[in-house]
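Trainee: This structure is in structure tokens; I'll ask about it shortly.
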Amino acid sequence: MPRFAYRAKDHALHLREGTIEADTEASALSRLGREGVFPISIAEVGAPAGSPLGTLPRRISSRTLAYTTHQLADLLGGGLPLLSALTLLAKQTEHAALRRVIESLAASVRDGRPLSDALGDHPRVFPPLYRSLVRAGEVGGGLERALNRLAELGESDAELRSRIASASAYPLFVLGVAVAMTAFLMAYVIPKLSLVLLETGQVLPLPTRVLLAVSGAVTRWWWALLFGGTAAAWALRLWHASPAGRAAVDRALIGIPALGALVRQVETARFARNLGVLLGQGVPILQALEVVAENLANVTLRAAVGRVHDAVRDGSSLAAALAATRKFPVFVSNMVAVGEESGTVDAALLKVAAAYERELDRTMRTLTTILEPVLLLLVGTMVLGIVLAMLLPVFQIGLGVQ
């Protein structure tokens, strides 16, 4: 029987290394999952070296996962048993890393484990929201419906990311062109013109002297500037990765007038949609709030949902708990209050999500409309300033000749 060498972490996040015997890599992953450890890498002993984890994927896109989830739901809806559906899905999945994950799920289900339990072996692929909805579907006998809702959530999330990326593409392009143009002028054009100007022997205007000094520093110390910029960016990245740094950045983000509104709209839409879907599938509200909090990107709003969870646990209504945080718009708590009175909190939350997704579209269109001319004006002003600083000595020479 083949032997597989693995590296994994247990529930206490302690690193474990060893070997395990299994018929296939998927079976090995399944056995490790039953033992309560989370594989980091695994490879057959004596097999040619390959990519890590056989390879456990670090990231599978929301759109890819949503498409695959839809396929699984369709196979179950066609009357196939879960194991047969997973086996067939693995054969028709082209994404190599995802195919290995599905094979591992099939091996776990073959061994008698629930699908929701097997999903926990791959936390980097299936987030808590995914696992909770599948578990609710298993308990309530509506796994196909739960998978369809998960696919819809994945597609909605992918569409949201796509809209944000599209809205930011043009401003980032303009900024990139501005940086490249400035670097070209400072490194090549200005040094050559400076030789001509200095040969005239005249006293150069202050703007020209400043420009020549900056250009000289860039051409002479470009390596130090590059090293310093890289080191500063790396230090900022490490600081942002720390809990204190992440909290400070996220707190600052939601405080910036235009950008803060955009962040709140994104997170509010995500919070409302995910919570509405979880409650609609019968997930208990406290568990649903825990899962939704983990799915929020902004640490400040995640902490606010944690306070909502604690307040609801202590007997508060969801609407009152949301209002008490002062982090979510009043519209959210008002809609939830109406839903609590009518017994349709999940539907109310989905309406909130739809409303904020529409508002997000309007906000991004407005910001893009404003940013485009502003950025062009800034870039034009910067280039004009550089050109004028270089032409001032020429004007002086012309006036002197006259």
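The values are calculated or read from the model by the stated rules, or taken from the named source; none is laboratory data. Being a predicted model, the structure only gives us computed values, none of them experimental. Every residue, glycine as well, gets a Cβ built from its backbone with ideal geometry; the counts of neighbours run over all protein chains shown.
Trainee: Taking segment 277-302 as the region of interest, how many residues are part of a helix (DSSP H, G or I) and touching a residue at least 12 places away in the same chain (Cβ under 8 Å)?
Mentor: Qualifying residue count for the region: 18.
Trainee: Would you please name the residue that is nearest to the chain's Cα centre (by Cα), looking only at residues in segment 131-142 that are crowded, with 23+ Cβ neighbours inside 10 Å and not small (Gly, Ala, Ser)?
Mentor: My answer is Leu133.
Trainee: Criterion first (surrounded by 13 or more Cβ atoms within 10 Å (Cβ to Cβ) and at negative phi) does Leu236 satisfy it?
Mentor: Judged against the criteria, Leu236 is not a match.
Trainee: I would also like to ask the following. For segment 184-202, indicate whether the set of residues that are surrounded by fewer than 11 Cβ atoms within 10 Å (Cβ to Cβ) and among the polar types (S, T, N, Q) is non-empty.
Mentor: No: zero hits.
Trainee: Okay, moving on. Looking at segment 103-122 only, could you name the residues that are buried (at least 17 other Cβ atoms within 10 Å of the Cβ) and assigned to a loop (DSSP other than H, G, I, E, B)?
Mentor: Within segment 103-122, Arg113, Gly120, Asp121, His122 meet the criteria.
Trainee: Would you point out which residue out of Gly315, Gly306, Gly339 is on the phi > 0 side of the Ramachandran plot and at pLDDT 90 or above?
Mentor: Gly315
Trainee: Which ones in segment 169-218 are among the polar types (S, T, N, Q) and either not assigned by TED's automatic domain parsing to the domain that holds Gly380 or not in a helix (DSSP H, G or I) (or both)?
Mentor: Passing the criteria: Thr200, Gln202.
Trainee: Only one of (1) surrounded by fewer than 23 Cβ atoms within 10 Å (Cβ to Cβ); (2) free of Cβ contacts under 8 Å to residues at least 24 places away in the same chain is not met by Val308, so which one is it?
Mentor: (1)
Trainee: May I pose another question? Just give me the residues in segment 113-135 being hydroxyl-bearing (Ser, Thr, Tyr) and farther than 13 Å from Asn274 by Cα, in sequence order.
Mentor: Ser116
Okay, residues lined up against (1) over 30 Å from Ala22 (Cα atoms); (2) modelled with pLDDT of 90 or more; (3) in a helix (DSSP H, G or I):
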{"residue": "Leu76", "(1), (2), (3)": "no, yes, yes"}
{"residue": "Leu83", "(1), (2), (3)": "no, yes, yes"}
{"residue": "Val101", "(1), (2), (3)": "no, yes, yes"}
{"residue": "Val125", "(1), (2), (3)": "no, no, no"}
{"residue": "Arg131", "(1), (2), (3)": "no, no, yes"}
{"residue": "Glu159", "(1), (2), (3)": "yes, no, yes"}
{"residue": "Ile164", "(1), (2), (3)": "yes, no, yes"}
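Trainee: Which one is farthest from the chain's Cα centre (by Cα) among residues in segment 357-377 that are surrounded by 14 or more Cβ atoms within 10 Å (Cβ to Cβ) and of a type in the set (A, V, I, L, M)?
Mentor: Among those residues, the one meeting the criterion is Leu375.
Trainee: Moving to a separate point now. Hey, among Leu286, Leu275, Leu212, which residue is on the phi < 0 side of the Ramachandran plot and at pLDDT below 90?
Mentor: Only one candidate passes the filter, namely Leu212.
Trainee: From the residues in segment 334-359 that are assigned to a helix (DSSP H, G or I) and among the polar types (S, T, N, Q), which one is nearest to Asn274 (Cα to Cα)?
Mentor: Asn334
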